[in-house]
Every structure is written in structure tokens, then in C-alpha cells.
Amino acid sequence: MSRFRTGAGGRIDRARGINFTFDGRLYTGLQGDTLASALLANGVHLVGRSFKYHRPRGILASGAEEPNALVTVMRDAGRTTPNLRATQVEIYEGLAAKSQNRWPSLEFDLGAVNALASPLLASGFYYKTFMGPRFLGSNKAWAKLYEPLIRRAAGLGRAPEAPDPDRYARRYAHCEVLVVGAGEAGLRAALDASADPHCRVILCDEQAEMGGWQLNAGSDDLVEMLETLGARPNVRLLARTQAFGVYAQGAVALAQRLTDHLAAPSPETPRERLWQVRAGEIVLATGAIERPLVFPGNDRPGVMLAGAVETFANRYGIRPGERAVVATTCNSAYGAAFALKQAGVDLAAIIDLRDKPDPALAANALKAGIPVHTASVIVGTEGHKRVRSVRLGKVEPCGIVKSTDSIACDLVAMSGGWVPSVHLFSQSRGKLAWNGETGVYSPGKDAPGQKTRSVGLCSGEFPADMRGFHNGALPTPDEKGAAKAFVDFQNDVTARDIRLAAREGFHSVEHVKRYTTTGMATDQGKTSNMNALGILSGALEKPVPDIGLTTFRQPYTPVTFGIFAGANRAGLFDPVRKTPAHAGADALGGVFEDVGLWKRAHHFPRKGETMHAAVNRECRAVREAVGLFDASTLGKIELVGPDAAEFLDRVYVNSFAKLGIGRCRYAVLTNEAGYVIDDGVVARLAQDRFHITTTTGGAGRVFAMFEDYLQAEWPELRAWQTSITEQFATFAIQGPKAREVLAPLVEGIAMENEAFPHMAMREGRVAGIPARVFRMSFTGEAGYEVNVPAGEGARLWPVLLDAVDKAGGAVYGTEAMHVLRAEKGYIIVGQETDGTMTPDDVGLGWAIGKGKRDFVGKRGMMRTDLIAPGRKQLVGLETLDDKTVLEEGAQITDTPTPAPGSAALGHVTSSYWSEALHRPIALAVVAGGRGRMGETLHVPMPGGAIPVRVVSPVFHDPEGARLHA
Amino acid sequence: MLLILCPYCQSRRAELEFRNVGAAHISRPSDPQTTTDAQWGEFLYQRDNPKGRIAERWLHIHGCGRYFNAIRDTISDVFVTTYKSGEPPPAMPSEAKP
Ligand SMILES: [Zn+2]
């Protein structure tokens, strides 16, 4: 047995050795060890380097509050977890862990030169230092120079670069009582609550074994309590489960670790499980966290919390040193002293700040041969990678501290007393109450909608033995001395940093926190917040409760991304919507793009064809012969009822009262402000029945808006809508040969031009399938849109494809569709409009029903600013060189070299190569654009301004003859 | 995640099923054309943002699809009550905390 282990006792299995590596070196621990206890059992105290100064750091605590001992555990490239607390990592055979924040090695770290530059790294060093130099331009210095440097040098572990191969599960659970923490108080609360068999109880604890502090003693009570709970069917016990977030109305998030402790986890088992619990009552039994003492050099490896030392000795059978000093302002540290003595550690001294420590404890110490120094503090430590000695200081009655002896030791067990762990109560938004007598914040009144009960130490009701009698930094001989007394170990914040912040005028605790970064590390200041408040209180000469408290936020300890992502990754990241013809389009080699959740075919390249070549070919096919397009993603609504036409009159800018049965109308939708928000086509199927299309992206929004007006604004209207987007597959057949292609497939519809004119709608059959056929066009060519039941879409697609092929046509995708409509000057809502364009701005003033008393947007459009001259209007642009395709979004100015700060006239909204016109075309919105026809404007670009001519937005067939052919 | 009682479904459901749609009890003027720019601007854009209880509209979008009203406390997020569209807001002392 190693000389760092005790002879007997503890909860480790002394018969089962476990091999693991740390920074590549092989060590042996025991079954039941954490990485921290196993390292201590091998005499390893140096486990990391600090964040800012790269100081050697050891293990401070024994649980979740550990600020220093952050490690990376590596299973393989995708299973590498940084920033784990060594005190919570269970070892298994073959575990490989490494230290962080050191280069090239933990023992020899170049970053430690930061310590020499430490005057530069005081409070607010980010804000003060990283402001220039000016030649890089404002803000650029940070991004280009400092941030990459700091990121490389600082802090924390690196995220793995390979994808995470593990599975993460998720469960919802409901219970009457959720108990967080399975120490004595939590176990008793769970037993009491579950005595009623109808009361569902969940008890969770972040450790592998339930029992909390009782695990240090190994009581029979514990075994019995766990057995009783385990036998009750209304109880669910969740070990290795961290309650990391409390949310409104009794919602609590738990992270359960399922495989991290296993040497060879089954691929069937998820790595972690997220529990989303809704609890009638949340019982918090989260215990207390020990407060470190703030004295110069309190961060050397070998300086540990007294309670942690006691836990390592009793629970893990560790002798954490050969010769120990106990420094305290609290009785409980005497327990650690006795435990160490029991473990065979030499006790050099107990250094107690108090004049008169507890007489019984002091007597016991003396009886055990431990010298007790009263009214004493540690005023400094020596040693590099491990504490070697401490310097004793005597506090004179006047408050002056005199440095006296040096005491050799390799372990310092310190205690500033205990602080209730109120994080989860604070997350529940409950009010914390300051208790002047015990000097701690404890849970007060519940937030509305929450029912919590704090039991045990976290309630703030704890034995006097656990009280600390001093808050903040310990007195020192010279507060200006260079030695650092750390408050926040993880963020390297010293007592002096906090005093400096106070001197510089930061008086609010929220400001001090951000300025010094105290409490802002991944441990959220679990061990540091109270000391920071104590120091600030002294510096501002204000009592602690007058300073306020920063907010405790979720998560209590860091949580993996995986547990939040759960199954929502790769193909399941988002739902995917596919049209009925998707497989057909895919088989043709369609290249798909995401439009909302939809997959839409962007273009259909043939062998060896570039995207541009494919799009140009598709455009030619439509203009010269016929094209087939899958328009099934368009939003579709069926509106029914005697007042359906009246409703449409009120919501769209157009007039529908006179729309005949079997006729369609292009319809523009605005909001009450008068801005275009959607467009589509409204077809009248019957006197009281309409088929309405919306944009693909606007379908849900428009449906919700109609519902809002129907339900809340005009409930008297007898009109009802149904979304039929998913009920129909829609195929557009467009081009001069459209009728020739479609007519032979149609039954029951007279297809002659006069019988079935542009903007008409007929019902019949296409290829034997019942169909609603619209004669309409988004390309400028004569064309049809065939709607068939979605289930028949996959059957109709190849029939249409075949007919189009035989006529020398082609299937086309969304890109060709965009080019074709732009050639015709048809807008796309969201491309030509940006939520501030009226129908008139985009050339759709003609669509507005002139005789209507009111409609949504009518009053909005009459606002002074919306009818003022100089508004941006839709125009076409041609580049003077006839070959440059402008960039969409590019600004438009009246001079090639606009003065810095001058406003643009507008911007390019759409820009393409037009195959039909053999030149680039663009749509744009330009101030007073319709009055600028023929003017030359400029599009300034990094390579120089591009001159453009303002023209009509309708480039192709301005008379519209082709639509009616 | 909040639990919200839909007054139509009479069921307390998870917040995920709902969408907030802004302030309640703002009626569209019956004859907008007679309003001044200031009045219309008030209707379009001016909303109270009190600390405490507010009346707001919610849509049970992944449930029954109905719009309804709710009184919510903006400090605690607690839903004091929910009620159907068209019903007047329930009388309650505005300063009282639940
Ligand atoms: Zn509902």
C-alpha cells in the first residue's frame, strides 16, 4: 500500500487496483477513487496551472465546488471532455486524463512568465490593456491581436474536434416531491415524503454513491435508509445525477451520467440522460460549501479545504501529506486535524484566528499533542510546486499583525467556515436572506409559483461548529505586499484586485464582478463569492447585506452540449419537409436547397454541367419550349363560408367581391402598418369557397394572421379556413408549349385559349387524377399550375416530366424560377421587400382595390411618411458594361465616390445573368426610382464603382403578350 | 418551461405549445380612416411595458389553434389567469402580488 494511503477504512475497495494515466504517466488507484483521490494517493498535488498567472495549482476541494483541478479526460478523438473537476471524475481501468492550461508541460510552464507581468494583469486588465493600437482600427486590435493570443495562452481545455459519437437520452418525469442531494437531510426528507405511497418521489445526487457526508463515517443508518427507499415503488433514486437548473413552476433539469465511469461502456447505453422534472415540491438538501481562507500564497498545491482533507482521509483512506498545518476561523477544522492525526499525519500546528477557540476542542488538540496558536493567521507560504512551509502571524489586540515563526509542512488544511449552498434556491428566483448572526445568506421566501423547502445545511440552520467567524481576507502585516492572496482561484482574482476595483469606483457588486471577473469562471465562485463580498464590504466600509448579491445562474456545474442536443443532431436536427415529387427530383440529379424546413430543387445539372450552365439551359427551355417546376411548397389555404369574400376584401389590398367563379387574382397582403408581408393568388372555386396560395415561407404566418382576424377582430364573419398546403402537390408547366403538353393529359376542361384564359381556374382531371388547374404564370410565359391530391403527386410527376421532355422542354429549379420572374419584374416578398415597402413602392399600387372603405393596411399606407416623395421604389438596373452581374445587397449611390457617412439611394435586391436578354439584369429599390428612368447611378464596390442605368423592372415582354398566348 | 392553462382546451400545457402574440385588449379602430396619424401610430406601436401584471394575448398554436388572453406577472412570469378572447379582463387589484 502506498505511503499516501491509510491502513484501513474508507469506501475504496483496497483489493481492486485501477490503472490510469495522468499527463501520460501511469498510476494506480483503487476502485471507488475519484481522479483527485487517486492522484493524492500517488502523492500528486500539482494538477493544473492557473488561468491568468499560470501558477501551479493543486486540489482544493473534494466535490463539485473544486476550482483548480480541472482536467481533460480522453477516450478517443470524439470522446474527449475538457474542464472536468478531478474531484468528480470516477477512475476506471485505462482512464487517460491530462492537465490543462500549461505549455509545454505542467511541470515547466512558459505561461508562468505572466506572473512576472502580473501588475499588468490586475483588475480590469482586459478593458485597460486591449484598447489599441489605433492603426489596426477600432475594435480590430482585440479581434486580430489580443483575443487569439489570450485564447491560446488562457485557461481552459480544448473542445474535441471529432464529432461526438455518443448518444444522449432525454426523459420527462413528474413527481410530487423532488429531493436534490442525498446526504442525511435529503435522505430523511425522501423517506418522510415517500411514506405516503401515492407521493411520487425522485431523489437525485451528483455523486456515485448516495450519502453525502455520511460516507465519511460509513454508518449503518445510511445502509438502512437506502434500502428502505430502494424498496419503495414510489421512489426513484438517481445517483450520478446533477440537478443543474431550477426553472419556473417547479421545473428542474437533471443531468445523469450513465457511462463516464465505465472502462468499456456498451454502445447501447446513452452517455448521459437529461431529466426534465416537474415537481410539486422541490426539497433542496444541497448542503454547504466550505469557505477558503484568504491569506498570501493560499493557492499553493498542498493548501486544501479542511473538510476536503477530512473527506479524503476518511472516505478515500488518503494521507494527503506528511506534516500538516490547520488554519481556521471555525471549529469544524479541528475535526480535520483529528482525522489527519488518525490517518497518521504529523500535525505541526492549528492556527486559529480567534483569541479564544472552543476550549474543549483546544484542550483535545493539546492532549493529542497539536500546538494551537490563537489570534494567529498564516501571513505567507513557501514552496513552488508544493507548499513547504507557512509563516505564522500573530494578530495583536490593536489589529496589527506581526510575522513570527516559519512552520515546515507539506499540507495546509484551511477553513473559513461553511456557506449554505443556495445556488438552486436562488435559481428558483427565491429571495435570499442575510443572517447577521451566522454571517451567511440563506433561503428566504419562495418566488411566486415555486414551492421549495431547504433542509439540512443548505437551509442556513447549521451547528455553531460550522460557522466561520471571519469573512473576507485575513489580516496581513502589509496589505500592499506583493504576495497574492487569492479569492477566486479559477479566475485568479486576488483580494487586492477587489480592493483596487473598489478604489477605482466600482461599488456595485455586479460591476465589481464583471470588472475583476470574480465569480465568473466555470465554478461561478462557489468557493469565492462570500469572501469577495467580505473584502468589498471592508473596502467600501459597508455591511455585506448593503452590497447586494450577484445572481446564481444555471447550470450549477458545466453541462455537456450533447445532453442539450440529445437526439436533435444530423438528420434529426430539424424536421425536413419534402414534396411528393422529391424522390423524382432527386433521381433527376436535382441539387436541393433549404427553404425553411423544405427541401427545394435549386437546379438540375446534366452531366458535366456547371450550375450556371444548368440554370441558363433551364431558363431557355421555359422561354423557348416548356418547363416543369415543382411548386408544391407554396402555402395553400382553403377559405369557406358566406362571408369568405368579405373577409378577403378586408385582409388583402385587392378587391374580391367581383371575382367570378373560376377566376384567379394576384393578391397582395400588407400588415396594418401598410407594408407588404406576403403575396399569392386567390381563386374562387364557388360563391363561398376560395383556394388561396401564399409564399412558401409565409404559409404559417399568413394562416395565423387570418385566424387572428377571424377569431378576435371580426368574429361575426362567417368564414373558416383550413391549411391545405400538405394536401396538394402543385406542378407548374410554363412556356409557349405549355398548352400543347398539358392538353392531351386533361379531361373535363376545355383548354382552348379563349375557354381557359390567363388567370382562370378549372377543375377536372389530369392523367386521370382529380385536379385544380390554374392558368397563371410566374415566368412571363403562358402556363398552368396543376394541383392534385398530395398522395397522387409522385404518380403525376413522371407523366408530366415525360410530356415535357417529348416537347423538348426541361424540368427547372428555384434558381431558374428566380431568374425568369426577375426578367418579368415580379417581386419576391422578402427579397424586393424588407418589411418597410408599401405595395406602391414595389410597383403594385395597381392591385389595391380603390373602392374599399377599409382593409388591413389601408390606413397605414396613408401615413404621411408613406406617401411622401422620395421613397425607395422598385426599378430595374442594367450595368453599363453589359457584362457585370451586380452583387445582391450592394448599395446604390449617385456618385462613384460617395463621401464617407453619406446615405445610399437604395440597394440591389435581385441580380442575375439573363439568358433571354443575353445580359445581366438587376432589380433594385432606389429613392424616387420611378422618376429616375435612364439616369446613371453607381454601385460602389471594393474594386471601384460600377455604373448602372435605371430602367423599367420589366425586362421581358413588357406588353405581356406571351402570358395570353 | 412555463405551464399555461388554455381556456378553450381547459388543459394546462407546456409553453412549447403556445406563442405569445403581444398586448391584449387593443381594439382595431372601427373606422381607421377617421383616425389621426397620432392615433393610428398609437394603435400600431405604443404598448405599455409595466413591471408587474400585464394582459397579453397567447395563441395555442400547437393545440386548439385559438387565441386567448392571459394576465401574467412580468417579474415572476406567473400566469395569474387566462380567459377567452372577447371576455373582459378580470377585475383584480393591480398591485396585489400573487
Ligand atoms: Zn387550446
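The values are calculated or read from the model by the stated rules, or taken from the named source; none is laboratory data. Keep in mind that this is a model prediction, so the values were computed, not measured. Neighbour counts run over all protein chains shown; Cβ positions are idealised from the backbone, glycine included. To get the accessible areas, we keep the full protein, side chains included, count just its heavy atoms, and leave off ligands, DNA and RNA. Shrake-Rupley method; radii C 1.70, N 1.55, O 1.52, S 1.80 Å.
For segment A:776-791 and segment A:625-641, write down the distance between their C-alpha centroids in whole Å.
7
In degrees, nearest 10, range 0 to 90: what is the angle between the Cα axis of helix A:611-624 and the longest Cα principal axis of chain A?
30
What is the percent carbon and sulfur in the accessible area of chain A, measuring with a 1.4 Å probe over the protein chains and ignoring ligands?
On the way: 21440 of 39370 Å².
That fraction is 54 percent.
Suppose we keep just the DSSP beta bridges with both residues in the protein assembly as shown; what percent of those would be antiparallel, to 5?
On the way: 149 of 195 bridges.
So the antiparallel bridges in the protein assembly as shown amount to around 75 percent.
For the interface of A with B, what's the total buried accessible surface in square angstrom, probe 1.4 angstrom, rounded to the nearest hundred?
Numbers: alone 40530 and 6700 Å², together 44930 Å².
Buried area between the two chains comes out at roughly 2300 Å².
By how many degrees, 0 to 90 and rounded to 10, does the Cα axis of helix A:814-823 deviate from the longest principal axis of chain A?
50
In nm, to one decimal, how far is the A:Thr897 label point from the A:Ala686 one, both placed 7 Å along Cα→Cβ?
Result: 7.1 nm between the two label points.
Give me a comma-separated list of calculated 3J(HN,Hα) values for segment A:914-919, in order, Karplus coefficients 6.51, -1.76, 1.60 applied at θ = phi - 60°, integers in Hz, x for any Gly or Pro.
Each residue's phi maps through the Karplus curve to give 9, 5, 5, 9, 6, 7 Hz.
Using θ = phi - 60° and the Karplus curve 6.51 cos²θ - 1.76 cosθ + 1.60, what whole-Hz ³J(HN,Hα) does each residue of segment A:921-931 get, with Gly and Pro shown as x?
10, 8, 9, 8, 10, 9, 4, x, x, 5, x
Hey, for a label at A:Lys451 modelled as a point 7 Å past Cα toward Cβ, could you say which residues of segment A:209-252 have their backbone N under 17 Å away?
Under cut-off, by backbone N: A:247-252.
Rounded to the nearest 0.05, what FRET efficiency do A:Glu726 and A:Lys658 have when you use their Cβ-Cβ distance and R0 = 30 Å? Mind showing how you got there, number by number?
On the way: r = 31 Å, r/R0 = 1.05.
E(calc), rounded to 0.05, equals 0.45.
Relative to the compact globular guide of 2.2 N^0.38 Å, what is the alpha carbon radius of gyration of segment A:680-750, as a ratio? Don't skip to the end; give the middle numbers.
Working: Rg = 16.3 Å, N = 71, 2.2 N^0.38 = 11.1 Å.
Normalised Rg, Cα atoms only: 1.46.
At a Förster radius of 45 Å, what calculated FRET efficiency corresponds to the Cβ-Cβ distance of A:Ala567 and A:Asp802, to the nearest 0.05?
On the way: r = 41 Å, r/R0 = 0.91.
It comes out at approximately 0.65.
Would you mind giving the mean number of other chain beta-carbons within 10 Å of the Cβ of each residue in A:859-867, as a whole number? Could you put the intermediate results ahead of the total?
Details: counts 12, 5, 0, 5, 4, 1, 1, 0, 0.
Counting Cβ atoms of other protein chains within 10 Å of each residue's Cβ and averaging gives 3.
Rounded to whole Hz and in sequence order, give me ³J(HN,Hα) for segment A:80-93 from the Karplus expression 6.51 cos²θ - 1.76 cosθ + 1.60, θ = phi - 60°, writing x for Gly and Pro.
Per-residue couplings from phi come out as 10, 10, x, 6, 7, 7, 4, 6, 10, 7, 7, 7, 9, 4 Hz.
Suppose the chain between A:Ala965 and A:Lys394 were pulled fully straight at 0.36 nm per residue; how much longer would it get relative to their current alpha carbon spacing?
On the way: separation 571, 0.36 × 571 = 205.56 nm, distance 10.48 nm.
Once the chain is fully extended between A:Ala965 and A:Lys394, it gains 195.1 nm.
Please compute the average number of Cβ atoms from other chains found within 10 Å of each residue's Cβ in peptide A:703-714.
Numbers: counts 2, 6, 1, 0, 5, 5, 1, 1, 8, 12, 4, 1.
Across A:703-714, the average partner-chain Cβ count within 10 Å equals 4.
So how far, in whole Å, is the C-alpha centre of segment A:527-564 from the one of segment A:207-269?
With segment A:527-564 and segment A:207-269 each reduced to a Cα centre, they are spaced 27 Å.
What translational diffusion coefficient, in µm²/s and rounded to a whole number, does the Stokes-Einstein relation yield for the protein assembly as shown at 25 °C and a viscosity of 0.890 mPa s, taking the hydrodynamic radius as the Kirkwood radius over Cα pairs? Before the final figure, lay out the partial values.
On the way: Rh = 34.5 Å.
Translational D for this selection: 71 µm²/s.
Under 17 Å from a point 7 Å along the Cα-to-Cβ line of A:Arg3: which residues of segment A:297-326 have their amide N that close?
A:318-324
Among bridges DSSP assigns within segment A:13-111, what percent are antiparallel (round to 5)? Write down the numbers at each step before the final one.
Details: 18 of 21 bridges.
DSSP beta bridges in segment A:13-111 are roughly 85 percent antiparallel.
Once you've got the Cα coordinates, tell me which of A:Lys578/A:Lys636; A:Lys341/A:Lys526; A:Lys52/A:Lys484; A:Lys737/A:Lys806; A:Lys98/A:Lys385; A:Lys356/A:Lys394 are over 19 Å apart.
On the way: A:Lys578/A:Lys636 16 Å; A:Lys341/A:Lys526 29 Å; A:Lys52/A:Lys484 13 Å; A:Lys737/A:Lys806 11 Å; A:Lys98/A:Lys385 17 Å; A:Lys356/A:Lys394 14 Å.
Exceeds cut-off: A:Lys341/A:Lys526.
Grab the beta carbon distance between A:Arg553 and A:Ala433, set R0 = 25 Å, and tell me the FRET efficiency rounded to 0.05. Write down the numbers at each step before the final one.
Working: r = 20 Å, r/R0 = 0.79.
After rounding, the FRET efficiency stands at 0.80.
Kindly rank A:62-68, A:874-880 from highest to lowest mean number of other beta carbons found within 10 Å of each residue.
Working: A:62-68: 24.7, A:874-880: 21.7.
By packing density, highest mean first, the sequence is A:62-68, A:874-880.
Would you please give the residues with an amide H less than 5 Å from that of A:Val89, counting only those at least 5 places away or on a separate chain, with H modeled from the backbone geometry?
For A:Val89, the qualifying residues are A:Leu35, A:Ala36.
Using the Cα centre of the protein assembly as shown as the reference point, and only Cβ charges (+1 on K/R, -1 on D/E), how large is the resulting charge dipole? Debye, rounded to the nearest 20. All intermediate terms of the calculation are to be shown ahead of the outcome.
Values: 120 positive and 115 negative charges, 287 e Å.
Once rounded to the nearest 20, the dipole reads 1380 debye.
Taking each residue in A:249-257, count the Cβ atoms of any other chain within 10 Å of its Cβ, then average. What number comes out?
Working: counts 10, 1, 5, 0, 1, 0, 0, 0, 0.
The mean count of partner-chain Cβ atoms within 10 Å per residue comes to 2.
Could you list which residues have their amide H under 5 Å from that of A:Ala760, counting only those 5 or more apart in sequence or on another chain, with H placed in the peptide plane?
A:Cys664, A:Arg775
Expected output is a single nm value to one decimal: the length gained when fully extending between A:Asp478 and A:Ala162, i.e. 0.36 nm times separation in residues minus the C-alpha distance. What is it?
Full extension of this stretch gives 108.6 nm more.
Taking the simple approach of a point 7 Å from Cα along Cα-to-Cβ for both A:His612 and A:His174, what is their distance in nm?
6.1
Check A:Ala349: other-chain or 5+ apart residues with amide H under 5 Å from its amide H, H built from backbone geometry?
Excluding prolines and chain starts, which carry no amide H, the hits are A:Val326.
Calculate, for the protein assembly as shown, the solvent-accessible area per residue in square angstrom, rolling a 1.4 angstrom probe over the heavy atoms of the protein chains.
Numbers: 44930 Å² over 1063 residues.
Each residue of the protein assembly as shown exposes 42 Å² on average to a 1.4 Å probe.
If you fit an axis through the alpha-carbon atoms of helix A:529-540 and take the longest principal axis of the Cα set of chain A, what angle between them do you get, 0 to 90°, nearest 10?
Taking Cα atoms only, the helix is inclined about 80 degrees.
Cα convex hull of segment A:13-111: how many Å³ per residue? It would help to have the intermediate numbers written out before the result.
Numbers: hull volume 9.3 nm³, N = 99.
Taking only Cα atoms, segment A:13-111 has a hull volume of 94 Å³ per residue.
What's the ranking of A:294-307, B:66-79 by average number of surrounding C-beta atoms within 10 Å, highest first?
Details: A:294-307: 26.3, B:66-79: 19.4.
Ranked from most to least packed, the peptides come out as A:294-307, B:66-79.
Need the full-extension length gain, A:Glu461 to A:Ala587, defined as separation in residues times 0.36 nm minus the C-alpha distance. One decimal, nm. Intermediate values should be presented prior to the final figure.
Working: separation 126, 0.36 × 126 = 45.36 nm, distance 7.10 nm.
Taking A:Glu461 through A:Ala587 to full extension adds about 38.3 nm, to one decimal.
Testing the spin-label approximation: label points 7 Å from Cα along Cα→Cβ at B:Thr35 and A:Ala264. State their distance in nm.
Output for this residue pair reads 7.3 nm.
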